[in-house]
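The next block holds one structure in the form of structure tokens; read it before the comments.
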Amino acid sequence: MLGLLAIVFTLAFPSASKADPLVLAGFDLFTTLPGTQVNLAGAGLQPFIGVPLGTFDFGSGPVAVFNTDTIVQRLANATPLSPTVPIEMVALQLMSVNQFNLGAGTDFLFVTLQSARVGGGPASTGTLTITFGPEGIPHGTFDSTLNVAFDIRFGSLTGPIVFSDVLVLESQDVPWSHFPPDPTVLILDVNFFLNGQNQLNDFFPLGPFQEIKPDDGTTVIRV
């Protein structure tokens, strides 16, 4: 049931189970890792870190998401015959490691989504293409493309907007499994037990992976 939070844990992989070639629509919860860089106009590539969301409302009220700083929603089911599905980044919070002066004083910079503005803004949308391999971990790989409509804010997550743009981030050949790596935040009907019975239609990226914008060096490392 939405709103009930499973504690951070990992279930053992049931080797005797046969997973369906189906990934149901749901959410992916990510933590941004050290090594993430954002290309700032006039300052070049600069390190950024994630700012935990703490809680997020998936539709039935806020629930704890712990250190998650980025959430992507898969908006349709994926199968071998229909492997490409629309996605939307619905949450993003990053903070610069260093302070900058972009004309309004010297302070830290924060990255948020334009859709998080008071009154709303353009959505950050893209596609996810899932391949289904033989049984086991991983069960396949995925490629993704996201058009991230972002704001850079001065001093805090709600500070004045000093820059806005759309950044196209891509990832390729990332392994995934129906079963979560350790540790994982598991939330019923959000990313866990999506079919209401077991994990055989869930979707979890395995290990750290990169989302990059090759033409300007921007790299976001997530797990």
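Say a paramagnetic label sat at a point 7 Å from the Cα of GLN46, along Cα to Cβ; which residues of the stretch 139-169 have their backbone N under 15 Å from it? Taking a point 7 Å out along Cα→Cβ of GLN46, the residues of the stretch 139-169 whose backbone N falls under 15 Å are 151-157, 159-165.
Proximity of backbone amide H atoms, modeled 1.01 Å from N, is registered between THR36 and PHE48, ILE221 at under 5 Å, excluding neighbours fewer than 5 places apart on the same chain. Per-residue 3J(HN,Hα) values for the stretch 147-152, derived from phi via the Karplus relation 6.51 cos²θ - 1.76 cosθ + 1.60 with θ = phi - 60°, read 8, 8, 8, 10, 10, 9 Hz in sequence order (x marks Gly and Pro).
Can you tell me which of LEU128, LEU94, LEU102 moves the most in a GNM of the chain? Springs connect C-alpha atoms under 10 Å apart. For the chain, modelled as a Gaussian network with Cα springs under 10 Å, the answer is LEU102.
For the stretch 110-223, the convex hull spanned by the alpha carbon atoms encloses 136 Å³ per residue.
A simple charge model with +1 on the Cβ of Lys and Arg, -1 on the Cβ of Asp and Glu and nothing else charged puts the dipole of the chain at about 240 debye relative to its Cα centre.
Our coupling estimate for the stretch 86-103, obtained by passing each phi through the Karplus curve with A = 6.51, B = -1.76, C = 1.60 and θ = phi - 60°, is x, 9, 9, 7, 9, 7, 7, 9, 10, 9, 5, 6, 10, 8, 9, 10, 9, x Hz, Gly and Pro reported as x.
Spacing of the modelled spin labels on VAL168 and ALA76, each 7 Å from Cα toward Cβ, amounts to 2.0 nm.
Can you work out ³J(HN,Hα) from phi for every residue in the stretch 199-209, in order, using Karplus 6.51 cos²θ - 1.76 cosθ + 1.60 and θ = phi - 60°, giving whole Hz and x for Gly and Pro? With coefficients 6.51, -1.76 and 1.60, one gets 9, 6, 10, 7, 9, 9, x, 10, x, x, 9 Hz. At 0.692 mPa s and 37 °C, plugging the Kirkwood radius over alpha-carbon pairs of the stretch 24-127 into Stokes-Einstein gives what diffusion coefficient in µm²/s? The diffusion coefficient I find is 212 µm²/s.
Every number in this text was worked out from the coordinates using simple rules, so none of it is lab data. Everything numeric here is computed off the predicted structure, so don't read it as measured data. When we count neighbours, we look across all protein chains shown, and the Cβ atoms used for this are built from the backbone with ideal geometry, even at glycine.
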